[in-house]
Amino acid sequence: MQKLFFEDAWERTISKQDHDKICDVFSNLQIDAGISFTFLWEAVNHHGDLLVTTLIHNNEKASMELKNIYMKYIHDTVTYADYFTVPIVIPAHHSMPWTFIFTKQTEGKCDDTTYVIKK
């Protein structure tokens, strides 16, 4: 059975409202086998970067590390793509929230990707 967990920094800093929203979304998901991502929300920071918050799902039998993975996010009519490393080992059959930051320089990139975030 899939379990939700929050990385330590998330656990310390996330608002109760966001924590509850993430738990609610997670409790209503049907998670496919393998590695997948669920879009939660997006925001723009003071640098104009696009912050895309997701749930990362590891629905496999082994722990997973995401090192130098190529992610693509389609935002309206603009595609963003870049390489990311998530510095957390995600245990087997666990999900966790994570925010990917797409900078202005990644706008328009859309090479072959490892993973796609769908809104």
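The values are calculated or read from the model by the stated rules, or taken from the named source; none is laboratory data. Values in this document were obtained by computation on a predicted structure and should not be read as measured data. No Cβ is skipped: glycine too gets one built from the backbone with ideal geometry, and neighbour counts run over all protein chains shown. When the accessible area is computed, the model is the full protein with side chains, heavy atoms only, and any ligands, DNA or RNA have been set aside. Shrake-Rupley method; radii C 1.70, N 1.55, O 1.52, S 1.80 Å.
Is it the case that residue 66 is of a type outside the set (D, E, K, R), touching a helix residue (DSSP H, G or I) at 6+ places or on another chain (Cβ under 7 Å) and crowded, with 16+ Cβ neighbours inside 10 Å? Considered against the rule, which asks whether it is of a type outside the set (D, E, K, R), touching a helix residue (DSSP H, G or I) at 6+ places or on another chain (Cβ under 7 Å) and crowded, with 16+ Cβ neighbours inside 10 Å, residue 66 comes out as no.
Under the condition of being among the polar types (S, T, N, Q) and in contact (Cβ under 8 Å) with a residue 12 or more places away in the chain, the residues counted in the stretch 1-23 number 1. Do you know which residues across the stretch 39-63 are part of a strand (DSSP E or B), under 13 Å from residue 100 (Cα atoms), of a type outside the set (Gly, Ala, Ser) and open to solvent by 30 Å² or more (accessible area, probe 1.4 Å)? Within the stretch 39-63, 39, 41, 42, 44, 51 meet the criteria. Assess whether residue 89 counts as being of a type in the set (A, V, I, L, M), under 15 Å from residue 7 (Cα atoms) and either surrounded by fewer than 16 Cβ atoms within 10 Å (Cβ to Cβ) or more than 14 Å from the chain's Cα centre (by Cα) (or both). In short, yes. Within the stretch 24-35, being without any contact (Cβ under 8 Å) to a residue 40 or more places away in the chain and assigned to a strand (DSSP E or B) holds for one residue alone: 34.
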